[in-house]
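The values are calculated or read from the model by the stated rules, or taken from the named source; none is laboratory data. What you see is a predicted model; the values in this text were computed from it and never measured. Positions of Cβ are backbone-derived with ideal geometry, glycine not excepted, and every protein chain shown enters the neighbour counts. For accessibility, only protein heavy atoms count, side chains too; no ligands or nucleic acids. Shrake-Rupley method; radii C 1.70, N 1.55, O 1.52, S 1.80 Å.
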Amino acid sequence: NKTDKNRNMETSKLFNYDNLLNYVRGNAVLAAKIQKLIIEELPKEMLKMEEALKNKEWEKVGAIAHKIKPNIQMCSNQSLYEFVLNLEKDGKNKNQTETIPGRVAELKKNTEQLLGEMKENMVSKAI
C-alpha cells in the first residue's frame, strides 16, 4: 500500500550515513563534502521543481527528480529513492499528472526532513 510506505517514510529516519559512507568507500572527508553540497543544492532544486509544478511543466518536474535522484540514492533510504524515481518517470511521461502536485509536496516535506537529519549528523560529527 502506497499510503503505508509514505507513512513509514515520515516516521523513520530518511538520512542513511552508512549508505553515504559506503558510497565513498569510507572516506569521511568526502562524505562531509557531499553532505554540505546536498544541503546547499537540494533546496534550490526543490524550488525549481515547485516552480515547474506551478506551470504544469510535468517533464521538467521529472527532469529535476532525475537530477536529485543520485543524491537521494546515495544518502537516503530505498523508499525515498523509489518515490523520486516514480515521480521522475511519471513527470517525464506525463502519467498520473493529477497526483504530481501532492507527490511534490510530499517530496518537499521528506527532503526537508532529510536535510535536517543531515545537518544533525554533521553537528554530531563536528563537521
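Is it the case that LYS119 is part of a helix (DSSP H, G or I), within 14 Å of MET46 (Cα to Cα), open to solvent by 90 Å² or more (accessible area, probe 1.4 Å) and of a type outside the set (Asp, Glu)? Answer is no for this residue.
Counting only helices (runs of 4 or more DSSP H) that sit completely within the range 6-77, those holding 3 or more residues that are loosely packed, with under 14 Cβ neighbours inside 10 Å and without any contact (Cβ under 8 Å) to a residue 24 or more places away in the chain correspond to 28-54. Filtering the range 32-50 to residues that are within 18 Å of LYS125 (Cα to Cα) and in contact with a Lys or Arg (Cβ under 7 Å, 6 or more places away or on another chain) leaves only ILE39.
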